């Protein structure tokens, strides 16, 4: 199984003419796992294969090339391989790509989460796989997530208590995926939500695919007080809601498990809700599939994951990609 790096985060398989999450001029097929900026491409000459929601979100984020919409667990045939996608649970449309070729079978996860985000199509694995390429963003045993229900309760309780005390709740989360998940969780409150413009332009894609995001509108500075506000963490430094004197801020990310983020962001509440699987789910997925070899990507310390896999007699290697701690 030969592969090389392709672009910022991608891989290219020269024997198959196949690229994953990256552009390569010789690729006949380019699979994109999801529409986050560090995985999608923008090259207009590319021939991209992805789920329909991913392609829609990519368009909103500037992609103008060829598009081939895939359905989950429906096979496509190429000269040297066949492939399908499985839901990855990361964000809307996120996919794991399963490939059958002469070397055997490969599962490339992109970014993934199990238990899945409630604002996604779920998470599902193939029965077996020979080679697994999996991200390990939170690949340390200190990262163990609470249940989705517990985290949803924290989000709803923070919003309700803040409003009842006469303050404006501000949730900080990435513009694609985290913001819409928070909105989906809060939709039952039926309280007006305002979301930063970067996230607002993506919300109707979620709604069109059946995920309610509540009573929301684009952020308007002069009308935001008393609303539930949602923005990326960088927005506060750029004046987001700076006119609101009585506000409380909740930082929503897997990195919220680190207490230091409270002081870095001047947050009143840390809610460790991640778009990625935690360390224990990572090991569980690898053990369940029990491949011939696991390739680990996007991790702060691959030796920790490799040590635990070695204890389970699973061979592994580290693929050094650009590491991005955004969640």
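Computed from the coordinates by the stated procedures, all read-outs in this text should not be read as laboratory data. Everything quoted here is computed from the prediction, not taken from an experiment. Cβ coordinates were reconstructed from backbone atoms using ideal geometry, including for glycine residues, and neighbour counts include every protein chain displayed.
I want the antiparallel fraction of DSSP beta bridges within the chain, as a percent rounded to 5. Looking only at bridges with both residues in the chain, the antiparallel portion is about 35 percent. Taking 20 Å as the cut-off, the amide N atoms of segment 127-156 that come nearer than this to a point 7 Å along the Cα-to-beta-carbon line of residue 280 belong to 135-154. If R0 is taken as 22 Å, the Cβ-Cβ distance between residue 259 and residue 189 corresponds to a FRET efficiency of 0.20.
If the chain linking residue 148 and residue 75 were pulled fully straight, counting 0.36 nm for each residue of separation and taking away their Cα-Cα distance, it would gain 23.1 nm.
Counting helices only, and only those DSSP H runs with n ≥ 4, report the 222 nm mean residue ellipticity of the chain as the sum of -39,500 (n - 2.57) divided by its residues, in deg cm²/dmol to the nearest 500. Using -39500 (n - 2.57) per qualifying helix, the result is -7000 deg cm²/dmol. Taking 0.36 nm per residue of separation and subtracting the current Cα-Cα distance, fully stretching the chain between residue 222 and residue 124 would add 30.9 nm. Note on segment 217-259 and segment 153-197: Cα centroid distance 10 Å, given to the nearest whole angstrom. In this entry, segment 148-271 is assigned a mean projected area of 7.0 nm², taken as a quarter of its C-alpha convex hull surface.
One quarter of the convex hull surface built on the alpha carbon atoms of segment 1-75 amounts to 4.7 nm², the projected area averaged over directions. Helix 279-289 and the longest principal axis of the Cα set of the chain meet at an angle near 30°. Cβ crowding within 10 Å, taken as a proxy for footprinting-reagent exposure, orders 287, 109, 84, 297 from fewest neighbours to most as 287, 84, 297, 109. Annotation: extensible slack from residue 47 through residue 318 equals 94.7 nm (criterion: 0.36 nm per residue apart, minus Cα-Cα distance).
Computed from the Kirkwood radius of its Cα pairs, the Stokes-Einstein diffusion coefficient for segment 245-327 at 37 °C and 0.692 mPa s stands at 223 µm²/s. The calculated FRET efficiency for residue 2 paired with residue 212, based on their beta-carbon distance and R0 = 41 Å, is about 0.35.
Between residue 288 and residue 64, the modelled labels are 4.1 nm apart [label points 7 Å from Cα along Cα→Cβ]. Per residue, the convex hull spanned by the Cα atoms of the chain measures out at 122 cubic angstrom. Would you work out if segment 71-141 is rounded, prolate or oblate? Take a ≥ b ≥ c from the square roots of the eigenvalues of the alpha-carbon gyration tensor; rounded if a/c is under 1.5, else prolate when a/b is larger than b/c, oblate otherwise. Judged from the Cα gyration tensor, segment 71-141 comes out oblate (a/c at least 1.5, b/c at or above a/b).
GNM on the chain, alpha-carbon springs under 10 angstrom: the most fluctuating residue among 33, 187, 51 is 187.
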